[in-house]
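Where a number appears in this text, it was derived from the coordinates with a stated rule and is not lab data. For clarity, every value in this text was computed on a predicted model and none was experimentally measured. We place every Cβ from the backbone using ideal geometry, glycine too, and count neighbours over all the protein chains shown.
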Amino acid sequence: MKEIKLLDGGFGSQISKRIDRLIDDDVLWSSRLLSTNKAEVINTHLDFLQGLFVAGSNVISTNTYQASIDGFMKHLKLSESESYDLIKEAVDLARKAVSIYKSMNNSENTNILVAGSVGPYGAFLHDGSEYTGSYKDSDGKSIASGEDFQQTVKKCYKMNPDQLLAVGANCIAPGTVEQLFCDINVGEVYPMPLLVYPNSGEFYNKEMGWHGGEAGKPIENYIENWLNMGITWIGGCCRMYAENISKIQQVILKWQMQHSK
Ligand SMILES: [Zn+2]
């Protein structure tokens with residue numbers, strides 16, 4: 001059976017549901033909760049773990065997209081070493097959620113990986129610049145500095161094939177995935193493992209929050225096509241909740257059954 005890796009969804013989105021408060025306006029975003037509400041950090045990881053199970057591995061990410069030493073020192077009034085420790089504790093909280101999940105479900109042998117989440121520089125700036133085109137040109141095929149997306153990732157992968165598990169894109173609209181990835185492995189003897197971690201397809205700005213775009217278009221409708229294109233790591237970013245990840249999982253399971261013969 002073809003191994004597909006299912007990742008979690010948008011941590012900040014899911015934890016906002018739990019604490020009934022948006023965290024988009026917080027300069028530290030959900031990473032503040034590493035300090036102020038560890039229980040809900042663990043519960044949010046568990047929300048995703050409950051919905052994750054595919055033949056292969058499952059991956060959850062630490063709640064550290066918006067975490068930085070400078071940010072913690074400035075906004076939590078921590079020392080440098082306390083800030084390091086809080087980032088390290090994010091890994092412990094994710095691992096704790098995995099161990100709770102495994103003991104609750106008698107699934108000691110399930111392979112669940114914890115990935116360290118590192119946000120881009122724009123996330124630290126907290127000015128929405130990671131959404132506004134500084135990181136991706138409007139032609140949908142180039143990266144922020146103008147180089148062609150496909151050529152850049154191919155070059156990165158070929159330079160580090162033993163170190164890179166997969167290459168891909170996070171927080172992009174689902175509708176842009178096919179254009180970015182459809183022909184990336186054409187003619188390659190050793191196709192690159194591809195990863196997609198899309199958002200809900202809505203737009204974000206500080207004044208209006210999340211709005212418009214592909215709002216409400218079901219993510220699960222895209223998945224079969226992505227699997228057929230050779231994308232083997234799939235998760236969700238902003239506004240992708242545990243229920244969306246469960247729906248992605250259902251499509252993956254069906255696809256794996258169809259392709260197991
Ligand atoms: Zn996102």
Which residue, ILE60, ILE248, ILE69, has the most motion in a Gaussian network model of the chain that connects Cα atoms within less than 10 Å?
ILE69
For a bin width of 10 Å, list the pair-distance distribution of segment 5-258 built from all Cα-Cα distances, rounded to whole %.
7, 30, 37, 23, 4, 0
Determine the sum of side-chain charges near TRP255: Lys and Arg each +1, Asp and Glu each -1, restricted to other residues whose C-beta is under 9 angstrom from that of TRP255.
+1
Quick check: residue separation of GLU188 and LYS155 times 0.36 nm, minus the Cα distance between them. What number comes out in nm?
10.6 nm
Sorted on mean Cβ neighbours within 10 Å (highest first), peptides 150-162, 4-16 come out as 4-16, 150-162
For segment 5-258, the dipole about the Cα centre with charges only on Cβ (Lys and Arg +1, Asp and Glu -1), to the nearest 20 debye, works out at 500
Which of SER81, SER142, SER99 ends up with the largest GNM mean-square fluctuation for the chain, with Cα atoms connected below 10 Å?
SER81
Pairwise label distance in nanometres, GLU80 with GLU147, each label 7 Å out on the Cα-Cβ vector:
3.1
Excluding ILE112 itself, calculate the net charge of residues whose Cβ lies under 11 Å from the Cβ of ILE112, where each Lys or Arg counts +1 and each Asp or Glu counts -1.
+1
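Please report, in debye to the nearest 20, how large the charge dipole of segment 135-246 is about its Cα centre when each Lys and Arg carries +1 at its beta carbon and each Asp and Glu carries -1 there.
Roughly 220 debye, rounded to the nearest 20.
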Using alpha-carbon positions, what is the distance between the centroids of segment 1-76 and segment 90-113, in Å?
15
Around ILE231, under 15 Å between beta carbons, what's the net of Lys plus Arg minus Asp minus Glu among the other residues?
-4
